[in-house]
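Peer 1: I have a structure I would like to understand better, so I am pasting it below and will then ask my questions one at a time.
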Amino acid sequence: MEIVTELDAVPGSEFIDVEVAADVAVAGGFRSVRLPVPFTRYLEPDGTVDPAFLAAVEDELAVLTDHGLTVVVSCSCTIESIDAFHALWAQLAPALADQPPSVYFELANEPVWHGTDSPVIPDFGADNILHAADWNQAVATVLPTVRASNPERIVVVTGPDLSFPQAVPELVLPDDDRHLIVTFHQYQPLQFTHQGAGWLPGSDAWLGTTWSGTAAEIDTLAGTMEAAVCWA
């Protein structure tokens, strides 16, 4: 369950109070939540994360963990460069090292380069997304730095190419790190999952699209995840 609190809310938009979110999650039987945090939106001119924002992140983590929830802190950030991405986690990892084991780190959400827009339709050929070579280099650069202060912290790592399941086999991870979780994002069938999405041109034409779970529909959906399943 992903919650959008004040941390990740676009100015002027609605968001859910973290206390309310925690209560709703627990009442609904959820044991874990994903907390997207746009750290790069709050960088000082010298590249350090605004201490007040980092304190706000820690406050929300305290609320969620006090409710007994496992929390995935997802770095919802664009990547200016691999060096800048490393510098960011060189700050975050030690700053959050005292969090309980129930707090997981997600290195990046659907990694894209800074200053570009995400493709509105998944396009593995887009120039703005991190493909395997760049993303594997980023992971190999950042993960040892995280491990220096968080040797046994669960770290969630997405695959390249916008985290889509077809790209999972291209992900390169260290063989000796047993505290990793690999994740992918499944949006298919797009006409069903994104019907009426305000940010997706033409999606209103999909309104009313149904998904009945027929054998054919399930086979199609399973096919999109076959590469990830075989890799696992």
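Peer 1: What residues have an amide H closer than 5 Å to that of residue 104, excluding those fewer than 5 places away on the same chain, when H is modeled at 1.01 Å from N in the peptide plane?
Peer 2: Under 5 Å from the amide H of residue 104: 71, 72, 73.
Peer 1: Within the chain, which is the longest segment containing none of the chymotrypsin sites (Phe, Trp or Tyr not before Pro) that sit in a DSSP loop and have at most 12 other Cβ atoms within 10 Å?
Peer 2: 1-198
Peer 1: While we're looking at this one, here's another question. With N residues in the chain, what two-decimal value do you get for its Cα radius of gyration over 2.2 N^0.38 Å?
Peer 2: 1.04
Peer 1: Could you work out how far apart the two model spin labels at residue 86 and residue 30 are, taking each label as a point 7 Å from the Cα in the direction of the beta carbon, and quote it in nm?
Peer 2: If labels sit at residue 86 and residue 30, their model points lie 3.5 nm apart.
Peer 1: Also, quick follow-up: For the chain, which longest stretch is free of loop sites, where a loop site is one of the GluC sites (Glu not before Pro) that DSSP puts outside H, G, I, E and B and that has at most 12 other Cβ atoms within 10 Å?
Peer 2: Result for the longest clean stretch: 15-151.
Peer 1: Within the range 160-203, list the residues whose amide N lies under 15 Å from a label point set 7 Å along Cα→Cβ of residue 220.
Peer 2: Backbone N within reach: 187-195.
Peer 1: Ok, one more. Given the options 150, 223, 200, identify the residue whose Cα lies farthest towards the positive end of the charge dipole of the chain (+1 on Cβ of Lys, Arg; -1 on Cβ of Asp, Glu).
Peer 2: 223
Peer 1: Can you give me the three principal axis dimensions of the range 1-90 from its C-alpha atoms, in Å, biggest first?
Peer 2: Cα extents, longest axis first: 42, 27, 19 Å.
Peer 1: Could you work out how far the C-alpha centroid of the range 53-73 sits from that of the range 169-224, in angstrom?
Peer 2: 28 Å
Peer 1: Quick check: pseudo-label points 7 Å beyond the Cα along Cα→Cβ at residue 134 and residue 205, how many nm apart are they?
Peer 2: Computed distance between label sites residue 134 and residue 205 equals 3.0 nm.
Peer 1: Let me ask something else about it. Please list the non-local residues whose amide H lies under 5 Å from the amide H of residue 162, H modeled 1.01 Å from N, same-chain partners needing a gap of 5 or more.
Peer 2: Those lying under 5 Å, H to H, from residue 162 are 130.
Peer 1: Label-point separation (nm) for residue 66 and residue 180, each offset 7 Å from Cα along Cα-to-Cβ?
Peer 2: So the label points at residue 66 and residue 180 sit 3.6 nm apart.
Computed from the coordinates by the stated procedures, all read-outs in this text should not be read as laboratory data. Values in this document were obtained by computation on a predicted structure and should not be read as measured data. Using ideal geometry, Cβ is built from the backbone for each residue, glycine included, and neighbour counts are taken over all protein chains shown.
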